[in-house]
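Undergrad: To start, I am sharing the structure in question, which I have written as structure tokens.
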Amino acid sequence: MSNKQKNVDLLAGNPAKALIKLSLPIILASYLQILYNITDMFWISSLGANNIAAVGTGGNFMWLATGVMIIPRMGGQVLSGRAYGSQNRKEALKISATALKMGVISSIAVAGIFIVFNRGLIGFFQFNNQETIHSAETYLKAVALGMPAVFLTGIISGLMAAGGNTQIYLKATLIGLLLNMILDPVLIYKADLKVLGAALATIFAQYIVLIILCIGAARQQFFHGIKLFKTMDKEYYLNILKLGIPAGFQSMFYSLITIVIGRLVAEFGDLQVAVQRVGSQLESITYTVADSLAITLNAFNAQNLAARNGIRLKKGYHFSLVLSIMVGLVGMVLFVGFPDSLANLFFTDSFEIESAKSYLMIVGFSQIFMCLEIMLIGNFAGLGNTFYPSLIATFLTLLRIPMAYFLSHQGLGINGIWYTISGSSIIKGIILLLYYHYYQKHLLENLV
């Protein structure tokens, strides 16, 4: 089967069907990743709340690293999507080569920072328990070795999505998940490596996913003709940075803000750090669909904007809006309606369960708005508007720090932090929704 037959046509046919066909493999792959994350957390939870907190802390820094990866991924995906929409595959390959080079360089730099400054990064949290500190340092140093695989997998999957191909990523993720689930108990318990075993299992699986992704792309000749070692004009790098930096910085600021919030959470004990880690994993049930839809909309909008097809842009947005609300509603029902059942999956002590229930019930009411925020930012990105949406979202997220500190020290305790997280998500979703309707109205006047 040819490469063309494998790709989803984003420029013709029913927009909803095209979006579903392209996004479904990403959603399924993301849910496989969630399944692994929850399984991983299940095994680690048996080691105690201290180890959950340690892995959660390492996860915050991994999120920070992902923000760096988003720069070449976002810029490369939007620009290559436009090239595919203009039927200019040669230009798409040049953009892809540039994005991949940027990914290799940045991943090595991030890995070096995590290894060299490991102790200082973990020390920021001022954990009370020495076991938590040691486990967190060990985990972060180990996962740093997987940075090249994380970066290149993200960039390649984004570039392929821009061309209408997401099937390979699903297959690679499935194999990686199965491998990870087998290695986790073996390395954590059988080899008695504890959190180091969890990190090594993740790293090995990440590189396997990257290898399978590259083999699949080669077989379908998706990157056929790409010249990775050819020197590209600086204009390609600058254009990718122009589109990618706002989105990348937004993600990095999010993670930095989350790290600071995590420091405030740690003041209430290592258990609350573990609660937040578990809660964030459960939130990914809704977050993942919205994020997968955002990736798909990025490619869909980029191609149809280049083809000046305003009607399809509008139809695609309406479909994504309804789907995002439905997914957020499911998350809200789960968190608010069944917090006991979810908390019991990871905690056994009654106090731990009550702490987890409080988190889930409070953030549950913000799930619809969180999904809207993520979907809308992906929509904006595909239209080439990454600066103002990122600025709005980042500023409102930054306000979490003073509000979390104020509410948590005014009698609400740890719940004050949870209320801040939930409330800010609601506000961001509403403001971005209003801004998108204003922006879309003026954009479509020139296209329809």
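The values are calculated or read from the model by the stated rules, or taken from the named source; none is laboratory data. Note that the structure is a prediction, hence the values are computed from the model and not measured. Glycine also receives a Cβ, built like all others from the backbone with ideal geometry; neighbour counts cover every protein chain displayed.
Undergrad: Any residue at all in region 77-88 that is crowded, with 21+ Cβ neighbours inside 10 Å, modelled with pLDDT under 85 and either in contact with a Leu (Cβ under 7 Å, 6 or more places away or on another chain) or of a type in the set (Asp, Glu) (or both)?
TA: no
Undergrad: Continuing with the same structure: Sort through Asp270, Asp291 and tell me the only one that's closer than 30 Å to Gly164 by Cα and either of a type outside the set (Val, Ile, Thr) or under 14 Å from the mean Cα position of the chain (by Cα) (or both).
TA: Result: Asp291 is the single residue among Asp270, Asp291 that is closer than 30 Å to Gly164 by Cα and either of a type outside the set (Val, Ile, Thr) or under 14 Å from the mean Cα position of the chain (by Cα) (or both).
Undergrad: Are there any pairs, at least 6 apart or on different chains, whose C-beta atoms fall under 8 Å, with the first in region 327-351 and closer than 28 Å to Leu293 by Cα and the second outside any helix (DSSP H, G or I), and if so, which?
TA: Every condition considered, the pairs that remain are Met332/Phe365; Val336/Phe365.
Undergrad: Scan (1) within 18 Å of Ile70 (Cα to Cα); (2) at pLDDT below 90 for the single condition Phe351 breaks and write down its number.
TA: (1)
Undergrad: So, one more: Could you say whether any residue in region 25-36 is at pLDDT below 75 and buried (at least 20 other Cβ atoms within 10 Å of the Cβ)?
TA: yes
Undergrad: All but one of (1) more than 19 Å from Ala162 (Cβ to Cβ); (2) buried (at least 20 other Cβ atoms within 10 Å of the Cβ); (3) more than 20 Å from the chain's Cα centre (by Cα) hold for Val110; state the number of the condition that does not hold.
TA: In the conditions (1) more than 19 Å from Ala162 (Cβ to Cβ); (2) buried (at least 20 other Cβ atoms within 10 Å of the Cβ); (3) more than 20 Å from the chain's Cα centre (by Cα), Val110 misses (3) alone.
Undergrad: Considering only residues that are surrounded by 16 or more Cβ atoms within 10 Å (Cβ to Cβ) and either assigned to a helix (DSSP H, G or I) or on the phi > 0 side of the Ramachandran plot (or both), which ones fall in region 186-201?
TA: Selection gives Leu187, Ile188, Lys194, Val195, Leu196, Gly197, Ala198, Ala199, Leu200, Ala201.
Undergrad: Out of Ile27, Ile20, Ile44, report the one residue that is free of Cβ contacts under 8 Å to residues at least 12 places away in the same chain and of a type in the set (A, V, I, L, M, F, W, C).
TA: Of Ile27, Ile20, Ile44, the one residue that is free of Cβ contacts under 8 Å to residues at least 12 places away in the same chain and of a type in the set (A, V, I, L, M, F, W, C) is Ile20.
Undergrad: Find the residue count for region 113-147, including only residues that are in a helix (DSSP H, G or I), among the small types (Gly, Ala, Ser) and buried (at least 20 other Cβ atoms within 10 Å of the Cβ).
TA: Qualifying residue count, region 113-147: 4.
Undergrad: So which residues in region 90-138 are of a type in the set (Phe, Trp, Tyr) and modelled with pLDDT of 90 or more, if there are any at all?
TA: Listed by number, the residues that qualify are Phe114, Phe117.
Undergrad: Let me ask something else. Go through region 202-240 and give me each residue that's among the aromatic types (Phe, Trp, Tyr) and either part of a helix (DSSP H, G or I) or in contact with a strand residue (DSSP E or B) (Cβ under 6 Å, 6 or more places away or on another chain) (or both).
TA: Result: Phe204, Tyr207, Tyr236, Tyr237.
Undergrad: Would you mention how many residues in region 342-354 are among the hydroxyl-bearing types (Ser, Thr, Tyr) and closer than 21 Å to Trp43 by Cβ?
TA: Result for region 342-354: 1.
Undergrad: Filter region 377-400 down to the residues that are surrounded by fewer than 19 Cβ atoms within 10 Å (Cβ to Cβ), touching a Ser or Thr at 6+ places or on another chain (Cβ under 9 Å) and assigned to a helix (DSSP H, G or I) and list them by number.
TA: Leu396
Undergrad: Another one. Please determine whether any residue of region 275-290 is hydrophobic (A, V, I, L, M, F, W, C), in a helix (DSSP H, G or I) and under 16 Å from Ile414 (Cβ atoms).
TA: Checked against the condition, which is being hydrophobic (A, V, I, L, M, F, W, C), in a helix (DSSP H, G or I) and under 16 Å from Ile414 (Cβ atoms), region 275-290 yields at least one hit.
Undergrad: Something else about it: Would you point out the residue of region 67-107, among those that are assigned to a helix (DSSP H, G or I) and among the polar types (S, T, N, Q), that is farthest from the chain's Cα centre (by Cα)?
TA: Thr98
Undergrad: Now for a separate question. Does Tyr419 count as more than 17 Å from Val273 (Cα to Cα), part of a helix (DSSP H, G or I) and of a type in the set (Phe, Trp, Tyr)?
TA: So Tyr419 fails the test.
Undergrad: Next question. Evaluate the following for Gly316: is it of a type outside the set (Val, Ile, Thr), assigned to a helix (DSSP H, G or I) and either surrounded by fewer than 20 Cβ atoms within 10 Å (Cβ to Cβ) or modelled with pLDDT of 90 or more (or both)?
TA: It is false that Gly316 is of a type outside the set (Val, Ile, Thr), assigned to a helix (DSSP H, G or I) and either surrounded by fewer than 20 Cβ atoms within 10 Å (Cβ to Cβ) or modelled with pLDDT of 90 or more (or both).
Undergrad: Taking region 260-270, which residues are touching a helix residue (DSSP H, G or I) at 6+ places or on another chain (Cβ under 8 Å), at pLDDT 80 or above and in a helix (DSSP H, G or I)?
TA: Val260, Ile261, Gly262, Leu264, Val265, Ala266
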